[in-house]
Amino acid sequence: MTATVGAAALLAGIAGALLVGTHWYWAMVGAVAAVGGAHVTARLIRGVQRLTGTLLGVLIAAGLLALQLPPWLVVVVAVVMQAGAELFVGRNYGIAMLFITPLALLMVSLASPVAPELLLRDRVVETVIGVAVGTLVAVVSAALRRQTPRS
């Protein structure tokens, strides 16, 4: 399992850096999410939850970023998002991503202001890259494990 996670993170990080270059670590996180699970079906579900939750979370973040909230209110919203993430992360990863994604994007925007459309685009593209790489690694890893004789 460690090799699977390492391979997914490394490959996604390289792909993210080469294809987008700005927030390549988001691709790594997406890949690791897609290889987390007890069996390949759980991994595929986790990847879909990561992708769907992130895409919907980007829409929420877009609305929040469009409001151009003052920094103190961004912090208040971030606290609310963190609470929501904590409430759902153990029950449904996809729903948790509805809180985690805006939280991450608001914090990045607060720490290093950049055009919201670039930030939102990077989150979507890097997540797609990461989940795609992670899913591929999860499927290949499962196939290799099935072929390996057990002693």
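The values are calculated or read from the model by the stated rules, or taken from the named source; none is laboratory data. Not measured: the values here are computed from a predicted model. Don't worry about glycine lacking a Cβ; one is built from the backbone with ideal geometry, like all the others, and counts go over all protein chains shown. When the accessible area is computed, the model is the full protein with side chains, heavy atoms only, and any ligands, DNA or RNA have been set aside. Shrake-Rupley method; radii C 1.70, N 1.55, O 1.52, S 1.80 Å.
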Of (1) farther than 17 Å from LEU98 by Cα; (2) surrounded by 15 or more Cβ atoms within 10 Å (Cβ to Cβ), PRO71 satisfies all except one. Which?
-> (2)
When the range 43-58 is checked residue by residue, the ones that are open to solvent by less than 30 Å² (accessible area, probe 1.4 Å), more than 20 Å from PRO102 (Cβ to Cβ) and not charged (D, E, K, R) are GLY47
Look through the range 11-20, keep the residues that are in contact (Cβ under 8 Å) with a residue 12 or more places away in the chain, assigned to a helix (DSSP H, G or I) and aliphatic (A, V, I, L, M), and return whichever of them is farthest from LEU144 (Cα to Cα).
-> LEU19
Regarding ARG91, is this residue within 19 Å of MET28 (Cβ to Cβ) and basic (Lys, Arg)?
-> no
What is the number of the single condition among (1) touching a residue at least 60 places away in the same chain (Cβ under 8 Å); (2) under 15 Å from the mean Cα position of the chain (by Cα); (3) open to solvent by 50 Å² or more (accessible area, probe 1.4 Å) that HIS23 does not meet?
-> (3)
Across the range 104-126, what is the number of residues that are surrounded by 15 or more Cβ atoms within 10 Å (Cβ to Cβ) and touching a Ser or Thr at 6+ places or on another chain (Cβ under 9 Å)?
-> 6
Please identify the pairs in which a residue from the range 125-141 that is under 14 Å from ALA42 (Cα atoms) has its Cβ atom under 9 Å from the Cβ atom of a residue that is acidic (Asp, Glu) and modelled with pLDDT of 95 or more, counting only partners at least 6 apart or on another chain.
-> none
Starting from the range 82-111, keep only residues that are over 20 Å from ARG46 (Cβ atoms) and in contact (Cβ under 8 Å) with a residue 24 or more places away in the chain, then list their pairs with residues that are charged (D, E, K, R) and assigned to a helix (DSSP H, G or I) whose Cβ atoms are within a distance under 7 Å, requiring at least 6 positions of separation or different chains.
-> LEU105/ARG123
Is there a residue in the range 96-103 that is open to solvent by 70 Å² or more (accessible area, probe 1.4 Å) and more than 20 Å from MET28 (Cβ to Cβ)?
-> no
